[in-house]
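The values are calculated or read from the model by the stated rules, or taken from the named source; none is laboratory data. What you see is a predicted model, and the numbers here were worked out from it, not measured in a lab. Glycine also receives a Cβ, built like all others from the backbone with ideal geometry; neighbour counts cover every protein chain displayed. Quick note on the areas: whole protein, heavy atoms, side chains included, nothing else; ligands and nucleic acids left out. Shrake-Rupley method; radii C 1.70, N 1.55, O 1.52, S 1.80 Å.
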Amino acid sequence: MTDVQPEDETVGRSGAGTLVCVVLLVLTVGQLLVATFFASGLEQFEDKGFGARLVLYPAMMLTVPAIWWLTTKRRDDPPWAAFAWIMLPFLVDVTGNTLNLYDAVGWWDDANHFVNWMFLGLGAGLLITRGQARPSWEIVLLVAGVGAIMAIFWEIGEYYAFIRGGTELGTAYTDTLGDEVLGTFGAVTAGVITAVRQRR
């Protein structure tokens, strides 16, 4: 039986990681294309800025891998797990719209803001701790801070994409505050998970 060499393991992880990220991107973009061009008349897609999402979601999904690629000299071991965690929330969001879960399930939107920001925070946590041990409190604060900033910008994007002048304007303020709190708590949870994982 032949022993697996470290470089073989790296290649294997890289191949699997690439596949996961490509699948996440393809499934997200595929649903966005359907929603924008073939099913735009369906209620779950109306007035939700899917034309803008078709451009912005793939761009945001690829931003972190692009920054990593442009700023890293050693590219033989990309942080595919971090990339996948950061890309996953976009697929979850689009799939929730495709299945009409935002309208059909009352708690779906709130759950998404918590869980998706936990996913984003897990990706950020992997990047923050990559190759460097940090105190637990620092990890939690860094991940929570990144998550809170992303939650704020997300709500600003939602407002300009489909809330202003839309049917949800009357409840937007309360909903925005709640979403930012849930997103921040999701990021804090990710920070705690990352800190515990590092200590182990």
By the C-alpha gyration tensor axes a ≥ b ≥ c (rounded if a/c is under 1.5, else prolate when a/b exceeds b/c, else oblate), the shape of the range 15-95 is prolate
Simple spin-label estimate for residue 198/residue 75, 7 Å along Cα→Cβ, in nm, reads 2.8
Computed from the beta carbon distance with a Förster radius of 22 Å, FRET efficiency for residue 105 and residue 46 to the nearest 0.05 stands at 0.75
With every protein chain in place, the accessible area of residue 175 for a 1.4 Å probe, in Å² rounded to the nearest 10, comes to 60
Per-residue accessible area, 1.4 Å probe, largest first, puts 46, 158 in the order 46, 158
Computed over the Cα atoms of the range 59-193, the Rg and Dmax in Å are 15.9, 50
Of 112-124, 17-29, ordering from highest average Cβ density within 10 Å down gives 112-124, 17-29
